[in-house]
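This report refers to the structure that appears directly beneath it.
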Amino acid sequence: MTDRPAFLKLKIKNRSVLASGILGVTISSLRKVHSRGAAIVTTKSIGPEKRKGHPAPVVYDWGGGIINAVGLSNPGIDGFVSRWKQALIDFPVIVSIFGKTVKDFMIIAEKLEPLNYDFLELNISCPNVSDEFGTPFSFSDKLTQDITRRAKTVTSRPVIVKLSPGIPDMVRIAVASQESGADAVCIANTAGPGMVIDTNTAVPVLANKTGGISGPAVLPLTVKNIFAAYKELSIPIIGTGGISGTNGALQVLMAGASLYGIGSAVYSEGLGIFKEIGKGVLAFARENGFESTQELIGLAHKTTKLRYYRIPGFVKSHAQGTRYKKFQVVPVKEILDFDKGGIRTLFFESGGFSRPEPGQFFMLWVPGSDQKPFSVSFFDEKEIGFSLMKRGKFSEAVFGLTEGEPVGLLGPLGNGFDLERFNSYLLAGGGIGTAPLIYTAARLAKAGKKAHFIAGGKSRSSLEWIPPLVDKLKIGSDIELLYCTEDGSFGEPGVVTEHFQKVIKKACPEYALVCGPEIFIKNSIAIFKKGRLQGQASIERMMKCGIGICGSCCVDGTGDRVCVEGPVFQFDYIDRLTEFGNYKRDESGSVQRLD
Ligand SMILES: Cc1cc2nc3c(=O)[nH]c(=O)nc-3n(C[C@H](O)[C@H](O)[C@H](O)COP(=O)(O)O)c2cc1C
Ligand code: FES
């Protein structure tokens, strides 16, 4: 059996679609998801203007799925067009758009017209911006028709209308879309809005309080909606909502969808999910004597005589996802303040957490405020610690905390440094960025390895928070510690990079580990590579979710997620990141040049 699916005349490699809002912030990440098996990828929804979205936490895994209130962060149509027109788009892509008014959709669709893309998706159904935007357009057949008709007048691309799953007359709206010229519908967006309350603090977890519900919990709703709409529609359906394995994808196809969309499962199952389901669906069709996967579409409507379909051995028989990251709310055990209250280390009981690898991070949530990533600076059998500097609104909330107050911790997340392969290391840290290297030094010492640890800063106040942690971790003399300050007020005078050559000559380290500001990392790598010293650095990017779903931390050049594939990367890899040392993305996904 050879399967050659097509969607609205475009030949595609399988029936999977990356759903909008999942890693679709950058072109590199879209290309990567396509290369990992998605037949068609969808961009994050683009609106008329740049939007930062809602404050964090924006994504929460509540056990039955995900609740999110990312809040349609995007660089705005002009920012999107300026990046997209320069890029090579060598994969099938749906551009998703949203607007506050009916006219917005027309304006955006018109601006997209000269660009290279395949399908236009009208996101008229986002449930987590209703405070600002009012009831989603998809609740009204008149508004749905109006938007669809107008978009059709300005675009040459097939139009997909993305519907809401939770309204009683969903089928009527689907039919209204078809009547006004839609070429396909996507069933559906997230359900809700819903709410999750943290019972340790009685505070809603999402900063926006409410958010859209997705993941395994919504699969039955998706299947029911598709089953009902399929009977009334002649246009194809993209079935999205709760698919986390082959079983879910098969249900959606059997209910009547031509393609299956995958969103939350990118988090719960990883990027391998596209190939896994593609293989599973094909094997199911083959084992049961179908000539192509086309024959699976609407199969549940065609059953006149009962027949037993065999499920291929490697396919899970249930539809539930596998990964679940536990978010724990714990009281602050101890606080150490330095630099007149400008640098703070928070300690918590470590008992409930698995041992982090040095370099890994946690998302810290101050209930009712925000959530941000922090590397572990301290860990032993009793305590876990995070060190941070007062800068920005979130750190003010952290600096307002007193001992005993609750903080949410999600982790350990991401990857850690390679401490196995070598026997002698050079650790180089700049300012508060030194934090993860303190715990790294402790682990190296425990493993009986040698290390030279150079920590640099502007003056005494930027480094004096480190020695108490070094003492508390009982880092012994196998680790040679050198402090240096630009004004000579603490340790040796000078900047860290000036000391590299001396240490390399004297100690011949086999591997370097670097943390600190981006420019510091860039300069350090250049020096180390000249001295033929390889190593790894921990890099920082905007992180909204920390669990690999929102795409805010994806890096250009590879499309990888700093929160999952990083934050620790090898020097050679960092050289391939076209953005490193040049620009970063802000909350809206807009590019910000580095000075
Ligand atoms: C973090 C996150 C962000 C999302 N952002 C968007 C978006 O920008 N536009 C959109 O149309 N749908 C968005 N969605 C909805 C998804 O595209 C999808 O319709 C929904 O999550 C159901 O699929 P799933 O259960 O496979 O996740 C988002 C979903 C999540 C979880
Ligand atoms: S994907 Fe959301 S922060 Fe990395």
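The values are calculated or read from the model by the stated rules, or taken from the named source; none is laboratory data. Only a predicted model underlies this, so the values are computations on that prediction, with no experimental measurement involved. Using ideal geometry, Cβ is built from the backbone for each residue, glycine included, and neighbour counts are taken over all protein chains shown. Heavy atoms of the whole protein, side chains included, go into the accessibility calculation; ligands, DNA and RNA do not. Shrake-Rupley method; radii C 1.70, N 1.55, O 1.52, S 1.80 Å.
Per residue, the chain exposes 40 Å² of solvent-accessible protein surface, assessed with a 1.4 angstrom probe and all protein chains in place.
Under 20 Å Cα to Cα from LYS85, which lysines show up? Leave out anything in the same chain fewer than 8 places away. Within the straight-line limit of under 20 Å, LYS85 reaches these lysines: LYS32, LYS44, LYS50, LYS111, LYS584.
Along each principal axis, taking the top coordinate minus the bottom one, the Cα set of the chain gives 79, 48, 47 Å in descending order. Distance from a point 7 Å along Cα→Cβ of LYS506 to each backbone N in the range 423-438: keep the residues under 14 Å and list them by number. Only 426-427 pass the distance filter. Restricting the calculation to Cα atoms, the range 152-194 shows an Rg/Rh of 1.03 when the hydrodynamic-style radius is the Kirkwood one. Pairs over the 19 Å Cα-Cα cut-off, from the set LYS390/LYS458; LYS340/LYS472; LYS506/LYS530; LYS52/LYS209: LYS340/LYS472. Kirkwood radius and radius of gyration were both taken over the C-alpha atoms of the range 424-593, and their ratio Rg/Rh is 0.98. Note on LYS522: aspartates and glutamates with a C-alpha under 18 Å away, same-chain residues under 8 apart excluded, are GLU498, GLU540, ASP556, ASP572, ASP575, GLU579, ASP595. D by Stokes-Einstein for the range 328-413, Kirkwood Rh over Cα pairs, 20 °C, 1.002 mPa s: 168 µm²/s.
Dividing the C-alpha radius of gyration of the range 6-301 by 2.2 N^0.38 Å, with N its residue count, gives 0.93. Its residue count N sets the reference 2.2 N^0.38 Å, and the alpha-carbon radius of gyration of the range 145-216 equals 1.50 times that reference. Equivalent ellipsoid of the range 78-130: semi-axes from √(5λ) of the C-alpha gyration tensor, largest first, are 22, 13, 10 Å.
Note on the range 1-46: Kirkwood hydrodynamic radius from all Cα pairs is 11.1 Å, rounded to one decimal.
By the Cβ-Cβ criterion of under 4.7 Å, the unpaired cysteines of the chain are CYS126, CYS186, CYS484, CYS508, CYS515, CYS553, CYS554, CYS563. The charge dipole of the range 484-595, taken about its Cα centre with unit charges on the Cβ atoms of Lys, Arg (+1), Asp and Glu (-1) only, comes to about 340 debye.
Against the chain, whose longest principal axis is taken from its Cα atoms, helix 518-530 shows a tilt of about 70°. In a fully extended conformation the segment linking GLU480 and THR578 would gain 31.8 nm over its present Cα-Cα distance, using 0.36 nm per residue. Qualifying GluC sites (Glu not before Pro) in the range 340-434, where qualification requires a DSSP coil assignment and no more than 16 other C-beta atoms within 10 Å, comprise GLU381, GLU403, GLU420.
Among the trypsin sites (Lys or Arg not before Pro) in the range 515-574, those placed in a DSSP loop whose Cβ has at most 15 other Cβ atoms within 10 Å are ARG532.
Taking every alpha-carbon pair in the range 110-149 and binning the separations at 5 Å intervals from zero gives 5, 21, 22, 19, 17, 13, 4 percent. Rounded to the nearest 20 debye, the dipole magnitude of the chain is 1400 debye, with +1 charges on Lys and Arg beta carbons, -1 on Asp and Glu beta carbons, and the Cα centre as origin. Here the range 551-593 is treated as a sphere whose radius is the Kirkwood value from Cα pairs; by Stokes-Einstein at 37 °C and 0.692 mPa s it diffuses with a coefficient of 309 µm²/s. With just the Cα atoms defining each centre, how far is the range 72-149 from the range 494-535? Give it in Å. With the range 72-149 and the range 494-535 each reduced to a Cα centre, they are spaced 46 Å. Run the Debye formula on the Cα coordinates of the range 152-295, all scatterers equal and no solvent, and tell me log10 I(q)/I(0) at q = 0.13 1/Å. After summing over all Cα pairs, the log10 values are -0.64. The stretch between GLN534 and PHE314, if pulled fully straight at 0.36 nm per residue, gains 75.1 nm over its current Cα-Cα span.
Split the accessible area of the chain by element, probe 1.4 Å, and carbon with sulfur accounts for 51%. Convex hull volume of the Cα atoms of the range 103-207, normalised per residue: 120 Å³. Kindly express, to the nearest 10 degrees and within the range 0 to 90, the angle between helix 496-507's C-alpha long axis and the longest C-alpha principal axis of the chain. Roughly 70 degrees, rounded to the nearest 10.
Relative to the current alpha-carbon distance between ALA228 and THR303, full extension at 0.36 nm per residue lengthens the span by 25.4 nm. Counting only DSSP H runs of at least 4 residues, each contributing -39500 (n - 2.57), and dividing by the residue count of the chain, the helix-based mean residue ellipticity at 222 nm comes to -7500 deg cm²/dmol.
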